[in-house]
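Below is one structure, written out as structure tokens, with a few remarks after it.
The values are calculated or read from the model by the stated rules, or taken from the named source; none is laboratory data. In this text, all values refer to a predicted model and were calculated from it rather than measured experimentally. Using ideal geometry, Cβ is built from the backbone for each residue, glycine included, and neighbour counts are taken over all protein chains shown. Note: areas computed on protein heavy atoms with side chains; ligands, DNA, RNA excluded. Shrake-Rupley method; radii C 1.70, N 1.55, O 1.52, S 1.80 Å.
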Amino acid sequence: MFSEEHKTSGTSSDSSKQQMSAPDSPAPATVHMPPTVTSSPNSALVNRIELFAARVPDWYVAPFCGASAGVASGIVTCPLDVIKTKLQAQGGFVRRGKMVEAKTLYRGMLGTGRVIWREDGIRGLYQGLGPMLLGYLPTWAVYLAVYDRSREYYYETTGSWWLSRGYASITAGACSTIATNPIWVIKTRLMSQSLRSTTEGFRAPWQYSGTWDAARKMYKTEGIRSFYSGLTPALLGLAHVAIQFPLYEYLKMAFTGYSIGEHPDNGSSHWIGISCATFLSKVCASTVTYPHEVLRTRLQTQQRTPPSPSPEEIAFRGGLGGMDRGRGAGASSSDGMPNRPRYSGIVRTCQTILQEEGWRAFYSGIGTNLFRAVPAAMTTMLTYEYLRKLIGHMKHEGELKLRLEEEKDSTGAI
């Protein structure tokens, strides 16, 4: 199966290159399309799109398809991501003395969904949609572009199919994670807060009205470092993509005979095989690497420096009671302890969660995560593969039309 390395290690123009390298048929149907192109506005529009696609550089295709796939995935799975974030973060908002009661607010996917619906309505299920879309767009654009271009380089360097895919996954994941971590911190903060919750002990120690409000307040009260909270466990999560994408590409080749982003010139693209490859690779990767997501969420939802309470926050919290109103000894972090963050670094965060909540806390929300991650991955990959096939076909048709126009011009000149 891996003997066809010239096919599987191609760049972002693999599918279009395959189409262009196919033997010229005696009289392809597309050659006779130009005379009928102007017969209707729709065909004229298609003709212009195909001619435009033929002029687009190949290295633009993967980022565009990746960004579009990420946006589609974010819209479909946002409610499940909110539920997962609530489950992951709830233990970090509760005072140590109330840990027993803390475990009773969010229970499972359906229970958490009902609580969010009861307290915040439909808006609560789409908290953080803005930064999620803002994050998915560059994340998948960067990831799939870097992966698509670097796997051939690593294969030439290592000579190993698996190593080249693994290195390409880690490189692409590191680039996209570092570039987009601030967006994901804001998204996690927005999803973890409650819009109208009055349940004591479960409120996040902040209240943001939107993406820009969150960015402004975080920078003002916590500094630039707050935007890179959880970066270390996020980078540890590169093990996830190092498992998922090589396994996906391997399974897709086994099921369909084509690598990622490649499709047959004619006929079916084996969408069932692509779906099965996505499902199996995502389940394996998510199950093995899930605990890092809990660590990342806990670090991202913990304020680095407790802010001085504003009048709005005082009203929201119902008064400060005996808490000092200034930024000083009386201010508390997300766990209620004066100026002492509960979580600091990977090792200490692991120790704290293990001591206070047990090992099961490392898998809080895993059911919801799988229920969310699998449809998200399938939406992403199916959208990506479909757009690669569509754009590859349009580029092929446009190139044929450009070639025909050049032949006509040369004939007329003679």
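Some observations on this one:
- Qualifying positions in region 210-230 - free of Cβ contacts under 8 Å to residues at least 12 places away in the same chain and either of a type in the set (Ser, Thr, Tyr) or outside any helix (DSSP H, G or I) (or both): Tyr219
- If the condition is being surrounded by fewer than 17 Cβ atoms within 10 Å (Cβ to Cβ) and in a helix (DSSP H, G or I), then region 237-274 contributes Ala254, Phe255, Trp271, Ile272.
- Residue in region 142-158 that is of a type outside the set (A, V, I, L, M) and not in a helix (DSSP H, G or I) present: no
- Residues in region 387-403 that are buried (at least 18 other Cβ atoms within 10 Å of the Cβ) and not charged (D, E, K, R): Leu387, Ile391, Gly392, His393, Met394, His396, Gly398, Leu400.
- Where Thr112 falls short, out of the listed (1) crowded, with 20+ Cβ neighbours inside 10 Å; (2) closer than 17 Å to Ala361 by Cβ; (3) modelled with pLDDT under 80: (3)
- Residue among Leu354, Leu295 that alone is at pLDDT 80 or above, among the hydrophobic types (A, V, I, L, M, F, W, C), open to solvent by 30 Å² or more (accessible area, probe 1.4 Å) and not in a loop (DSSP other than H, G, I, E, B): Leu354
- In the set (1) assigned to a helix (DSSP H, G or I); (2) open to solvent by 10 Å² or more (accessible area, probe 1.4 Å); (3) in contact with a helix residue (DSSP H, G or I) (Cβ under 7 Å, 6 or more places away or on another chain), the condition left unmet by Pro233 is number (2).
- The criterion of being modelled with pLDDT under 50 and either open to solvent by 30 Å² or more (accessible area, probe 1.4 Å) or outside any helix (DSSP H, G or I) (or both) holds for Ser12.
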